[in-house]
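Please read the structure below before turning to the comments.
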Amino acid sequence: MAQTGENFKLLDDGTVRWEPRPEQDAQIIPLHPENHLVKPGEYQALCIGHRGIDIFRARKVVVWWKLLEHPGLLLPRYYRVTSYRPRVCAPSGSDIARDVAAALGRRVRRDQIPVSSLTGIYVRVEVRTVTADREQRKLPEVCTYSVIDRVIGPA
């Protein structure tokens with residue numbers, strides 16, 4: 001390898017490859033975990049982190065929650081946003097603005113939604129089971145999975 005910079009490595013054949021640094025490995029959260037199924041209802045959860053991603057030209061922020069009753073389980077909550085760089089922005093009536101406001105107990109600005117302040121906070125969340133695909137066709141039983149539906153408020 002000829003040169004190294006940040007996380008990018010320039011290979012001898014002229015191609016560039018991205019590799020995470022070892023100190024970042026502990027902070028990487030999987031984007032597509034195994035499908036997990038828990039009983040729908042209200043749970044206490046801990047926010048362990050978030051990440052901005054682009055899915056089919058749609059900007060999203062995924063927030064990862066750890067259910068206290070199921071300590072080895074991480075459940076995602078995907079939010080559509082208008083921007084996540086340099087700050088998370090979304091309409092004031094969006095799910096992310098409402099969930100962050102519910103968790104923090106105060107209104108948040110639509111152009112500076114403090115998603116990072118959720119990390120380490122215990123909240124009550126509502127979990128639901130996804131039983132239909134995006135076209136409302138019933139999923140086979142083995143393909144159903146649980147997601148965080150909404151943040152109810154502080155724990």
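From Ala26, Ala97, grab the single residue that is at pLDDT 90 or above and among the aliphatic types (A, V, I, L, M).
Values: Ala26 fails: at pLDDT 90 or above.
Going through Ala26, Ala97 in turn, just one is at pLDDT 90 or above and among the aliphatic types (A, V, I, L, M): Ala97.
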Among (1) more than 21 Å from Val38 (Cβ to Cβ); (2) in contact with a helix residue (DSSP H, G or I) (Cβ under 8 Å, 6 or more places away or on another chain); (3) not basic (Lys, Arg), the one test that Gln112 misses: (2)
Could you pull out the residue among Val142, Val125, Val130 that is buried (at least 17 other Cβ atoms within 10 Å of the Cβ), of a type in the set (A, V, I, L, M) and in the same structural domain as Val38 (by TED's automatic domain parsing)? Val125
For the range 37-65, give me each residue that is without any contact (Cβ under 8 Å) to a residue 40 or more places away in the chain and in contact with a Ser or Thr (Cβ under 7 Å, 6 or more places away or on another chain). Arg59
Hey, among the residues in the range 35-79 that are farther than 17 Å from Arg150 by Cα and β-branched (Val, Ile, Thr), which one's surrounded by the most Cβ atoms within 10 Å (Cβ to Cβ)? Ile53
Within the range 34-48, can one find any residue that is on the phi > 0 side of the Ramachandran plot, modelled with pLDDT under 90 and out of contact with any helix residue (DSSP H, G or I) (no Cβ under 9 Å at 6 or more places or on another chain)? no
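Could you check, for the range 133-140, whether at least one of its residues is under 25 Å from Phe56 (Cβ atoms) and polar (S, T, N, Q)? Explain how you work it out, then say what you get.
Let us first name the residues in the range 133-140 that are under 25 Å from Phe56 (Cβ atoms), namely 133-140.
From what is left, the residues that are polar (S, T, N, Q) are 136.
For the range 133-140, residues under 25 Å from Phe56 (Cβ atoms) and polar (S, T, N, Q): present.
The values are calculated or read from the model by the stated rules, or taken from the named source; none is laboratory data. Note that this is a predicted model, so its numbers are computed, not measured. As a convention, Cβ positions derive from the backbone with ideal geometry for all residues, glycine included, and neighbour counts pool all protein chains shown.
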